[in-house]
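Worksheet: one structure, shown below.
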Amino acid sequence: MILDAADLNAGAVVEADLCIVGAGAAGITMARTLRGSGLQVLLLEAGGLEPSSASQALYAGEMVRRYGEDSAYLQTSRLRYFGGTTGHWRGWCRPLDAVDLEARDWMPNSGWPISRAKLTPLYRQACEVVHIPPFDGGGAGSTSHGRPILEVPGGEVETRIFHFSKPVRFGKVYRADIVDAPDVRLLAAAVTHLHTTEARGAVTEADAVTPEGKCLRVRARGFVLAAGGIENPRLLLSSDGLGNDRDQVGRYFMDHPHAGRYGQVQFVDRASAKKFAALYFDRKEDPAVGVRTNGVFVLSDRVKAEQRLQGWSVGLRRQKASKELDELGVAVGQLAGAVDTLGQDVDADPRIQLARMSIRAEQRPNPDSRVTLGDEVDALGLRTVRLDWRFTDEDAASMRRSAERFVTAVSAASLGRARLLIGPDQPWDDVKGGDHHIGTTRMASDPSTGVVDGHGRVHGVANLWVAGSSVFPTCGVSNPTLTIVALALRLAAHLRAELSR
């Protein structure tokens with residue numbers, strides 16, 4: 001049900017068994033899951049039910065350095081209203097691979113305190129939430145049901161499949177589930193401070209303010225921060241550094257570096273082009289699964305381990321031949337006029353086809369890539385965010401070496417000829433983020449290396465948990481939404497047992 005702040009006096013105390021801060025993919029999933037659990041749930045959404053420019057402006061902050069991003073990244077990469085960033089989500093879904101959760105000796109600070117096997121049944125449930133069919137065996141999406149997968153000889157290059165949600169806008173699709181639930185109350189209010197016991201071992205209450213400026217207090221037996229990879233650490237740091245005894249809050253910020261024009265592939269004949277066009281160029285509705293699917297290429301786990309590489313994937317996108325063809329066209333041969341866009345009726349075009357490589361990569365967890373508090377204060381009295389997102393030489397080198405392996409494999413298999421468009425010493429002007437805010441309150445068994453434990457509980461704080469991609473220790477190359485939902489389902493089950501005792 002909706003709790004109208006107009007019915008509350010200033011300074012009123014709102015009580016619940018569980019208070020969830022943030023109504024995005026994680027918060028809404030948890031609230032829905034806990035309906036009928038016997039727990040009274042209070043779901044707080046800082047931005048209210050509908051978007052507004054005034055609320056969105058509260059996301060303003062400082063970017064220390066940028067890679068293809070403008071200064072509005074902190075505002076444009078997330079949405080502040082009921083449903084959160086699912087309001088502009090494009091629907092990309094794929095589980096993390098098993099290796100993404102493993103400790104890799106060539107990647108410092110890697111490894112999750114939970115196994116991929118723990119997530120497998122949760123991914124099946126998460127697929128239902130976002131309205132896509134499950135991946136085979138709950139796995140990483142390596143099987144296409146309706147279109148053929150291109151096998152690249154040599155075993156170095158593999159295919160991964162993305163399923164596309166319609167996409168599900170959580171704020172619309174699941175609004176009735178929240179509003180009609182008698183044991184879930186939805187309140188438009190932003191939490192500004194968490195108060196604790198004297199020893200800081202438990203949260204006692206939270207200060208909150210409505211969009212109209214009315215100050216309230218919230219008391220609950222348990223609190224969950226589900227406000228995203230930037231706001232979660234901001235709130236902890238604003239609450240006298242709660243959970244930051246080891247200086248871990250806000251560290252290890254990651255996004256997925258994207259390079260949209262990293263290289264080119266030219267196919268030597270129509271047959272080769274058609275093989276790629278069948279699955280890899282169009283996000284087509286697949287009748288066998290009932291949603292759009294799309295294939296990307298990745299390097300095998302064996303190659304990544306042998307070459308000590310981070311996660312990496314390449315999507316091939318249609319490209320019209322123009323100035324960008326230059327030496328590549330010369331190397332392959334003379335073209336009969338301009339090359340048509342790949343994937344559009346390949347059989348009808350007898351000319352050689354061209355595609356560009358669109359790369360997405362995994363970043364190393366870097367403690368110096370971080371969210372801190374700035375010097376400015378927003379309209380709610382909170383210090384603004386200062387984001388120092390680090391794209392390192394190691395990240396760049398891994399992206400390039402991975403691309404080189406892909407280029408070599410494609411050429412060796414006589415599927416086409418490929419080249420990179422960026423030299424080893426060129427600046428990465430085309431690199432930008434995927435608007436995926438990952439890390440900042442990472443999971444770790446040891447409180448000296450992370451903020452929360454394997455269940456998302458803040459180390460040293462008995463009744464405070466964190467949900468969302470801010471708890472990911474590493475990011476892989478999959479979009480985070482499906483994993484956010486899977487972990488939210490896991491945390492909801494844990495809290496149901498924990499708070500029902």
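Remarks
- Peptide ranges 96-104, 258-266, 1-9 listed from the most packed, as the mean C-beta count within 10 angstrom indicates: 258-266, 96-104, 1-9
- Looking at the chain, the DSSP beta bridges with both ends there are about 70 percent antiparallel.
- Placing dummy labels 7 Å off each Cα toward the beta-carbon, the span from residue 269 to residue 62 is 6.1 nm.
- Between residue 306 and residue 404, the contour length at 0.36 nm per residue exceeds the alpha carbon distance by 33.8 nm.
- In terms of its C-alpha gyration tensor, segment 2-63 comes out oblate, because a/c is 1.5 or above while a/b does not outweigh b/c.
- Cβ-defined net charge surrounding residue 218, 9 Å radius [Lys, Arg +1; Asp, Glu -1]: -1
- Residues residue 411 and residue 246, FRET efficiency given R0 of 51 Å [Cβ-Cβ distance, rounded to 0.05]: 0.60
- Sorted ascending by nearby beta carbons within 10 Å, beginning with the fewest, 132, 149, 484 become 149, 132, 484.
- Selection from 227, 149, 95, by position along the positive dipole direction of the chain (Cβ): 149
- Average Cα contact separation per residue, segment 375-489, under 8 Å, 6 or more apart, as relative contact order %: 15 percent
- Gain on full stretching of the segment that runs from residue 103 to residue 445 - 0.36 nm per residue minus C-alpha separation: 121.8 nm
- Rounded to the nearest 20, the Cβ-based charge dipole of segment 32-135 about its Cα centre (Lys and Arg +1, Asp and Glu -1) stands at 240 debye.
- Local electrostatic count at residue 231 - Lys and Arg +1, Asp and Glu -1, tallied over other residues with Cβ under 11 Å: +3
- Relative packing of peptides 384-395, 271-282 - highest average C-beta neighbours within 10 Å first: 271-282, 384-395
- Rounded FRET efficiency, nearest 0.05, which uses the C-beta distance separating residue 204 from residue 180 and R0 of 45 Å: 0.90
- Fully extended contour minus Cα-Cα distance, from residue 393 to residue 261, at 0.36 nm per residue: 45.6 nm
- Ordering 353, 115, 18 by the projection of their Cα atoms onto the charge dipole of the chain, which places +1 on the Cβ of Lys and Arg and -1 on the Cβ of Asp and Glu, puts 353 at the extreme positive end.
- Mean Cα-pair separation over length for the chain, i.e. relative contact order, pairs under 8 Å, 6 or more apart, %: 24 percent
- Shape of segment 37-138, Cα gyration tensor, a/c cut at 1.5: oblate
- The distance linking segment 217-259 with segment 271-323 is 35 Å (Cα centroid to Cα centroid, whole angstrom).
- When you count the other C-beta atoms within 10 angstrom of each residue and take the mean per peptide, 167-176, 305-314 line up highest first as 305-314, 167-176.
- Charge dipole (debye, nearest 20) of segment 385-489; +1 at Cβ of Lys and Arg, -1 at Cβ of Asp and Glu: 240 debye
- Here the relative contact order of segment 115-262, from alpha carbon pairs under 8 Å that lie six or more residues apart, stands at 12 percent.
- Listed by chain and number, the aspartates and glutamates placed with their C-alpha closer than 17 angstrom to that of residue 304 are 97, 100, 102, 105, 156, 158, 362, 394, 395, 404; residues fewer than eight positions away on the same chain are left out.
Every read-out reported here was derived from the displayed coordinates using simple, explicitly stated rules and does not represent laboratory data. Note that the structure is predicted; figures quoted are calculated from it, not measured. Every residue, glycine among them, receives a Cβ derived from its backbone with ideal geometry; neighbour counts consider all protein chains shown.
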